[in-house]
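First comes the structure, then the notes that go with it.
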Amino acid sequence: MNKPILQALANCDFKKDILRKALLFKRKEQAELFKLARQRRRAHFPFEEVEVRSVIEISNICQRRCNFCNINSYSKIKKYIIKYEDLVKIAENIYHKNRRVILVQSGENRSGKFIDFVCKFVRDVKQRFSGLKIILCLGSLSYNQYKKLHQAGADRYILKFETSNPLLYKQIKPDCSLRERIKRIKQLSKLGFEVGTGNIIGLPNQTVDDIIDDLLFINNFKLTMASTSVFIPPESSNYWNKPMGDVNIALNYTALMRIMYPALLIPSTSSLERAKRGGQYLGLIAGANTVTIHNGTPVELKKYYPIYSVKRFTPDENYIKNIVKKAHSHFK
């Protein structure tokens, strides 16, 4: 057992050599790392609550050319935007199922018409349904567009940095820059959003040192949430033939985020389950405390939103309830 590393982490010693060793933990060492993460989570979330949110993938139209995504601008997938009346009915249905957090997600569409569409939806549902929190994940927009969305009533915004390495960032997102991404994340905080960000584990040409830098990079922002996703090679992307990311590193990264940033909401993402059977449950064991139910996107449209794979995992309510119940029995 590597007790010196675990003791260093418990004492908030986050030097790079310590993080490197912990990031590569396996078996018993990994189990002890997860235990430390759960202890740190309990100190900040004593009731051991798991936030459950529903996602509505309102549109797959995207103007970016990201190499790691199936729904980029050159994708031949049929494009859609959910009709407004249908969108409101979906939100109403989710609300009546006692869900109070809705994640509204789309490809990056910076057209004024689309942003006005989202603003109207946010404004209307916030007025109709009390206690509803709206999270937006719409990509990198302008400051004024973010401002309009916040004024409409959106509570949170997720904008992942994907990687903290500017050269790698340019490789995976050739029409964007890390500098621009950082600027937008900070603008979101300035406007008053509760902000979430995160990285991807296993990107082509990514190193362990890059991942360690990602962990430390989180500290540059004022955040409510941080996440990690496993790279799954999308079938219609430029990275279709690249290897999948290491799920164990992603789980250790989740645990280290909890230890380093204990007050954050940390999702156990569906990519963990896609990478390894039981992976999303293990994310909760590793310190995560947020999960997403895929009960908002109409069934007939889900196939047109294969963001990381046409075989992506989209957990329903029963699955989420089961893994949360199972995880709770091991939270202590």
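The values are calculated or read from the model by the stated rules, or taken from the named source; none is laboratory data. All of these numbers come straight from a predicted model, not from anything done at the bench. A quick note on method: Cβ atoms are made from the backbone with ideal geometry, for glycine too, and the neighbour counts reach across all protein chains shown. Keep in mind that these areas ignore ligands, DNA and RNA; they rest on the heavy atoms of the full protein, side chains included. Shrake-Rupley method; radii C 1.70, N 1.55, O 1.52, S 1.80 Å.
Structure notes:
- Net dipole in debye of the chain [+1 Lys, Arg Cβ; -1 Asp, Glu Cβ; about Cα centre; nearest 20]: 160
- Under-5 Å amide H pairs with L103, H placed in peptide plane, nonlocal only: S54, V55, I56, I135
- The tail of the calculated P(r) for the range 21-110, taken as Cα-Cα distances beyond 20 Å, holds 62 percent of the pairs.
- The chain, relative contact order [Cα under 8 Å, separation at least 6], %: 22
- Long-range HN-HN contacts of S229 with modeled amide H, under 5 Å: N199, I200, I201
- Orientation-averaged projection of the range 13-62 equals 6.8 nm² [convex hull of Cα atoms, one quarter of hull surface area].
- Rg(Cα)/(2.2 N^0.38 Å) for the chain, N = residue count: 0.95
- The range 178-332 - percent relative contact order, Cα under 8 Å, separation 6 or more: 19
- Too-long pairs where the Cα-Cα distance tops 20 Å, listed order kept, from K83/K113; K133/K325; K113/K190; K16/K222; K126/K148: K133/K325; K113/K190; K16/K222
- Contour minus Cα-Cα distance for R277 and Q63 (0.36 nm per residue): 73.7 nm
- Local electrostatic count, A8, Cβ distance below 11 Å [Lys/Arg +1, Asp/Glu -1]: +1
- Computed in the context of the full set of protein chains, the accessible area of the chain at 1.4 Å probe radius has 51% of its extent on carbon or sulfur.
- Mean projection of the Cα convex hull over all viewing directions, computed for the range 201-299: 7.4 nm².
- A simple charge model with +1 on the Cβ of Lys and Arg, -1 on the Cβ of Asp and Glu and nothing else charged puts the dipole of the range 68-126 at about 80 debye relative to its Cα centre.
- Taking all C-alpha pairs of the range 132-192, those more than 19 Å from each other amount to 31 percent.
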